[in-house]
Structure formats: C-alpha cells, structure tokens
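The values are calculated or read from the model by the stated rules, or taken from the named source; none is laboratory data. What you are looking at is a predicted structure, and each value in this text was computed from that prediction instead of being measured. All Cβ positions, even for glycine, are placed from backbone atoms using ideal geometry, and neighbour counts span all protein chains on display.
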Amino acid sequence: MHIKETFINGLYVLEPKVFHDKRGYFLESYNKKNIENFISVNFIQDNESLSQKNVLRGLHFQKPPYAQDKLVRVIKGSVLDVVVDLRKNQPTYGKHFAIKLSAKNKKQLFVPKGFAHGFLTLKKNTIFSYKCSAYYHTASEETMHCFDKDLGIDWKVKDVILSDKDKNGINFNTFESPFL
C-alpha cells in the first residue's frame with residue numbers, strides 16, 4: 001500500500017498494490033498494520049451505495065461525539081470525490097480537496113473526522129464503499145450545501161440528481177463548526 005499525503009493535514013490518498021494476471025486482479029483493500037504509521041483508527045461499520053450517473057451525494061458529516069473517520073473507494077464505476085475541511089483551527093479550514101476515484105485506478109481516500117464528504121458519480125451503476133469509525137447517528141448528521149459558492153467546488157456538472165436533504169444543505173458562511 002502506497003500512502004500519499006495531501007495538502008490538507010490528516011487527509012491521505014491510499015494506492016493499493018494490484019496484482020494482475022490472465023485471471024483478473026487481486027488487491028488488499030485494507031490492512032490495519034500497513035497503515036497504522038499514518039492512520040490510527042478503528043473501523044466499525046462498512047457502507048455501500050449504488051448510484052446512477054450524475055448522482056451527487058453530500059456533503060455529509062456527523063457532529064461530535066458521533067463524528068466519523070472514513071476510508072472511501074469505488075468498487076464499480078467512478079466518482080469525483082470531494083471533502084471540505086471543517087476543523088476551524090486548521091489553516092485549511094473551509095478549503096476542499098477533490099480526487100477521481102474509480103474501479104480502474106483503485107485509489108482510496110482516508111477522510112478524518114472534521115470533514116464534510118460528498119461524491120458525484122461519473123458512470124452509471126457506480127458502487128461506492130466506505131469504512132466508518134463510528135456508527136451512523138441520525139440526530140448528529142449534517143449536510144453542507146454542495147453548490148455553496150463560498151466553497152468554490154467545481155463539480156464539472158450542473159445537471160445533477162440530488163436528494164431533498166442534499167438540496168437543503170446549510171451554507172458554509174452560516175455554519176458554526178464543532179470541530180477543532
């Protein structure tokens with residue numbers, strides 16, 4: 001596993017070793033021992049979603065004490081994956097990071113607590129998977145508006161499919177962050 005730091009503290013791109021042969025491929029998608037020098041986390045829940053092309057899910061997060069670390073990847077298809085730093089004491093507060101994750105490139109993104117997370121599917125029938133360090137807690141979930149101009153995210157697509165929850169996300173300039 002190759003682990004790359006991003007310009008945002010605590011946010012990592014993981015690239016597993018992929019072994020190809022005439023049968024197909026094999027990869028180790030997660031091995032706690034191989035990442036523990038960079039990431040100290042105990043994952044307790046795995047989630048998976050199936051989405052059609054141009055579905056935008058996010059930007060979601062859970063407030064403390066139910067905040068979640070996530071390790072995200074694409075099993076089938078591809079996404080533009082975006083996170084926003086909500087940790088008010090970080091120099092990257094309010095800044096975002098975007099990366100293409102796909103079944104082809106096999107990259108993963110480690111998203112620590114204190115980030116809003118979302119993704120736009122780029123292909124039909126995209127399967128997205130994520131490991132979480134805390135259980136889903138409805139009352140602590142929040143949604144940041146994905147098209148908030150203050151965030152400056154270029155999703156590359158204007159005509160997206162959004163849930164009602166995501167259409168009604170909060171704006172960054174009215175958000176009071178509980179994350180340090």
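In summary, Leu151 fulfils each of the numbered conditions (1) over 30 Å from Asn37 (Cβ atoms); (2) part of a strand (DSSP E or B) with the single exception of condition (2).
The lone criterion from (1) assigned to a loop (DSSP other than H, G, I, E, B); (2) out of contact with any Pro (no Cβ under 9 Å at 6 or more places or on another chain); (3) closer than 19 Å to Glu48 by Cβ; (4) not β-branched (Val, Ile, Thr) left unmet by Ser129 is number (1). If you go through the stretch 66-87 and keep only what is out of contact with any helix residue (DSSP H, G or I) (no Cβ under 8 Å at 6 or more places or on another chain), farther than 13 Å from Ala116 by Cβ and touching a residue at least 60 places away in the same chain (Cβ under 8 Å), you end up with Asp69, Leu71, Leu80.
Output the residue which, of all residues in the stretch 45-85 that are outside any strand (DSSP E or B) and either among the basic types (Lys, Arg) or modelled with pLDDT under 95 (or both), is farthest from Lys107 (Cα to Cα). Don't jump to the end; show me each part of the working.
Residues of the stretch 45-85 that are outside any strand (DSSP E or B), as a first pass: 52-54, 63-69, 77.
From what is left, the residues that are either among the basic types (Lys, Arg) or modelled with pLDDT under 95 (or both) are 53, 63.
Values: Lys53: 20, Lys63: 27 Å.
By that ranking, first place goes to Lys63.
Per-residue answers, yes or no, for (1) in contact with a Cys (Cβ under 8 Å, 6 or more places away or on another chain); (2) more than 24 Å from Glu28 (Cα to Cα):
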site: Phe128; (1), (2): no, no
site: Cys146; (1), (2): no, yes
site: Leu151; (1), (2): no, yes
site: Leu162; (1), (2): yes, yes
site: Thr174; (1), (2): no, yes
site: Ser177; (1), (2): no, yes
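Residues that are among the hydroxyl-bearing types (Ser, Thr, Tyr) and at pLDDT below 95 were ranked within the stretch 1-34; the one that is nearest to Leu80 (Cα to Cα) is Ser29. Within the stretch 137-167, the set of residues being in contact (Cβ under 8 Å) with a residue 24 or more places away in the chain, over 22 Å from Arg87 (Cα atoms) and surrounded by fewer than 16 Cβ atoms within 10 Å (Cβ to Cβ) comprises Lys156, Val157, Asp159, Ile161, Ser163.
Just checking, which of Ser163, Ser129 is hydroxyl-bearing (Ser, Thr, Tyr) and more than 18 Å from Val13 (Cβ to Cβ)?
Working: Ser129 fails: more than 18 Å from Val13 (Cβ to Cβ).
Selected residue: Ser163, the only one of Ser163, Ser129 that is hydroxyl-bearing (Ser, Thr, Tyr) and more than 18 Å from Val13 (Cβ to Cβ).
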